[in-house]
Amino acid sequence: HRIHNDAEFRIVGVVVDAMTGTPVAGASVLINMGDNAMEATAGGDGRFAFDGLKVGKYPLYAVARGYVREGYNQHGAFLTAVVTGNGLDSEHVVFKLHPEAVLYGKVTDERGEPVRNAQVMLLSGDQGWGQRRVGIRSQKQTNDLGEYRFAHLGAGKYYVAVQAHPWYAQTGLRYQPEPVGPVGGIM
C-alpha cells in the first residue's frame with residue numbers, strides 16, 4: 001500500500017476572536033513556505049480555505065484590523081503547523097486571533113504637572129526560545145500634556161520605565177551675571 005505524495009489536500013477553517021468566539025470577517029490568513037507564500041481572505045463568516053496543497057506541514061499566520069498578527073496556536077515564539085496528508089483532518093481549523101491592546105498613561109511631577117518630552121520605555125517579559133528575559137520593546141516620548149501611548153500590543157506582562165528631567169531641573173539653564181562697568185558714569 002503506497003501513499004501518493006502528489007495528491008492534493010485542503011486546509012479549511014474559521015478565524016474567530018479569541019475572547020468572544022465570534023467570526024473575524026476579512027482576516028488575512030497566510031501560509032508561509034519559505035520563498036513561497038499563499039494568502040486567503042476570510043469571508044463574512046470568518047471562513048477561509050487553501051486548495052491544491054501537497055502532503056506537508058504548513059505554518060499558518062493571520063492578521064486583521066484591531067488584532068495582533070500571530071501564528072496558529074502561537075505561544076511565545078512557538079506555533080502549531082497544520083499537517084496535510086492521507087487520513088489527517090486539515091479541514092476543521094479554528095484560528096483564534098487575539099485583539100490588540102493599547103497601553104497609555106501620563107507622566108507628572110510631584111505637583112501633578114505634566115512632564116513634557118519624558119523618555120518612556122515599554123519593556124516586556126519575553127519568553128523567546130525557552131529563555132526568560134526582560135527587554136525593551138518600544139520607546140516613546142511624552143507629548144506636551146505628559147501623555148504616552150503604546151498600541152498594537154498582544155496579551156502579556158509589560159513594564160513601563162520613565163526617564164525625565166522636569167523643566168526646572170534642566171542642567172542646560174545657566175545664570176550669566178550682567179557685565180560690571182564703571183560706577184556713577186565718571187571715569
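The values are calculated or read from the model by the stated rules, or taken from the named source; none is laboratory data. As the structure is a computational prediction, the values presented were derived from the model and not from experiment. For accessibility, only protein heavy atoms count, side chains too; no ligands or nucleic acids. Shrake-Rupley method; radii C 1.70, N 1.55, O 1.52, S 1.80 Å.
A few comments on the model shown:
- Listed by chain and number, the aspartates and glutamates whose alpha-carbon sits under 12 Å from that of K54, ignoring those within fewer than 8 places in the same chain, are D6, E8.
- Pairs from K106/K140; K106/K157; K96/K140 whose Cα-Cα separation, in the structure shown, is over 22 Å: K96/K140
- Volume per residue of the C-alpha convex hull in the range 53-128, rounded to whole Å³: 139 Å³
- Among the protein heavy atoms, those of H165 account for about 110 Å² of accessible surface (1.4 Å probe, every chain in place).
- Normalised by residue count, the range 14-58 yields a Cα convex hull volume of 84 Å³ per residue.
- Extents of the range 20-166, largest first, come to 69, 36, 29 Å (Cα atoms, principal axes, whole angstrom).
- Directionally averaged projected area (convex hull, Cα atoms, the range 1-84), nm²: 6.6 nm²
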